[in-house]
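Beneath this line is the structure, given in structure tokens, with notes to follow.
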Amino acid sequence: MITATGVRKAYGDLTVLDGIDLHVPAGSIFALLGPNGAGKTTTVQILSTLIGADAGEIRVAGHDPATEPDAVRAAIGVTGQFAAVDGLLTGRENLVLMADLHHLGRARGRRRADELLEQFDLTEAAAKQASTYSGGMRRRLDIAMGLVGTPRLVFLDEPTAGLDPRSRQMMWGTVRRLVADGVTIFLTTQYLEEADQLADRVAVLHGGRLVAEGRPDELKRLVPGGHVTLRFADGPALRAAAVALGATDVDSAQLSLQVPGDGSVRSLRAMLAALDGAGAEVETLTVHTPDLDDVFLALTAKEPAR
Ligand SMILES: Nc1ncnc2c1ncn2[C@@H]1O[C@H](COP(=O)(O)OP(=O)(O)OP(=O)(O)O)[C@@H](O)[C@H]1O
Ligand SMILES: [Mg+2]
């Protein structure tokens, strides 16, 4: 659905995209991650024909966004990071306006608007001015507006930013339903858990380049394995435990130590047996398995080489 090679974009002296390659198969969910200012929105804007790239070969739904923007626009839906909702219109009027822009025709446009209001749990609020909506309702309306034309490819720029946990879960459900219907999703997010939950493939943008790309589980293998943190009531217990476990990562101020481990029941049992043998009583035990947050922090920690 999307192929791009060597995409570059600069604003004056600032190189935002320094040659990035993307490949998004039809029917999949692709997540683009990156710190603030990494160029995620810029990438979405280029792929969705809103701005031009300085260089690179790009095909979106089989067309070049630079030379065939209308063909690309006919295939895509976009919801921006900053909602396109008109606060003076009601929710329904916003959707109908969108339907008119898509030339759906009066009856079909209204039907589509009602369908989406229902799907996004906005039927009750349909006749209220959008300016009175909560942040989550606005966000849902915004995404619904991007779906009016029944696109094959949907760009979601930080779709759940500012949503509460329940609204976020609802949004994830919506995204999954879209994909089940054959829609391809290109999303950007700051929430690593979101990428982990939804995405088939994840890419991390940093310093103008994609510094990693793969399935979430592949990316997690890029960072060191998990560890177990043990806390003790006093110094003697901590020291006895450090000796018994051969631990080198000891924090005397926190009365805690860390040992590498995957948190399996077998390894925990062996560890507790060793501590029992040494007479070191553990207060609390936490298991940390690497997640995408670790990957993100590790990959984007260094100042990028330009
Ligand atoms: N029209 C513009 N003119 C000049 N600089 C711009 C313009 N648009 C974006 N930039 C710069 O390009 C860089 C990338 O911006 P972009 O909005 O793509 O980042 P982002 O990854 O979406 O960040 P965020 O997570 O904060 O949304 C930033 O340094 C930004 O200031
Ligand atoms: Mg952005």
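Observations on the model:
- Residue under evaluation Val72, criteria (1) part of a helix (DSSP H, G or I); (2) within 10 Å of ligand 2 (Cβ to nearest atom); (3) of a type in the set (A, V, I, L, M, F, W, C), criterion not met: (2)
- Number of positions in segment 43-53 that are free of Cβ contacts under 8 Å to residues at least 60 places away in the same chain, within 12 Å of ligand 1 (Cβ to nearest atom) and buried (at least 20 other Cβ atoms within 10 Å of the Cβ): 2
- Boolean, Gly56 is closer than 20 Å to Arg209 by Cα, away from ligand 2 (no atom under 16 Å from the Cβ) and crowded, with 16+ Cβ neighbours inside 10 Å: yes
- Number of positions in segment 1-56 that are assigned to a strand (DSSP E or B) and either within 17 Å of Pro159 (Cα to Cα) or not polar (S, T, N, Q) (or both): 25
- Conditions (1) on the phi < 0 side of the Ramachandran plot; (2) away from ligand 2 (no atom under 15 Å from the Cβ); number of the one not met by Gly19: (1)
- Scan segment 130-156 for residues that are surrounded by fewer than 15 Cβ atoms within 10 Å (Cβ to Cβ) and farther than 15 Å from Asp181 by Cα and the total you get is 4.
- Count of residues meeting criterion [within 24 Å of the chain's Cα centre (by Cα) and farther than 18 Å from Gly162 by Cα] in segment 123-137: 0
- Which numbered condition Phe296 fails, given (1) farther than 15 Å from Gly226 by Cβ; (2) of a type outside the set (D, E, K, R); (3) in a loop (DSSP other than H, G, I, E, B): (3)
- Just one of the listed residues (Thr3, Thr79) is crowded, with 20+ Cβ neighbours inside 10 Å, farther than 25 Å from Leu297 by Cα and touching a residue at least 40 places away in the same chain (Cβ under 8 Å), and it is Thr79.
- Cβ-Cβ under 9 Å pairs, at least 6 apart or on other chains, segment 178-199 side charged (D, E, K, R), far side part of a loop (DSSP other than H, G, I, E, B) and within 16 Å of ligand 2 (Cβ to nearest atom): Glu194/Pro159; Glu194/Thr160
- Residues within segment 153-193 that are of a type in the set (D, E, K, R) and either within 16 Å of ligand 1 (Cβ to nearest atom) or not in a helix (DSSP H, G or I) (or both), tallied: 4
- Set side by side, the residues Gln197, Gln254, Gln258 differ, and just one is polar (S, T, N, Q) and part of a strand (DSSP E or B), which is Gln258.
- Top-ranked residue in segment 101-122 [being part of a loop (DSSP other than H, G, I, E, B) and closer than 21 Å to Leu156 by Cβ; ranked as nearest to the chain's Cα centre (by Cα)]: Phe120
- Yes/no for Leu33 being under 22 Å from Arg215 (Cα atoms), within 13 Å of ligand 1 (Cβ to nearest atom) and touching a residue at least 24 places away in the same chain (Cβ under 8 Å): yes
- Hey, Val202 in the same structural domain as Thr184 (by TED's automatic domain parsing) and part of a strand (DSSP E or B) or not: yes
The values are calculated or read from the model by the stated rules, or taken from the named source; none is laboratory data. The model shown is predicted, which means the values in this text are computed figures rather than measured ones. Because the Cβ atoms are built from the backbone with ideal geometry, glycine has one as well, and the counts that use them run over all protein chains shown.
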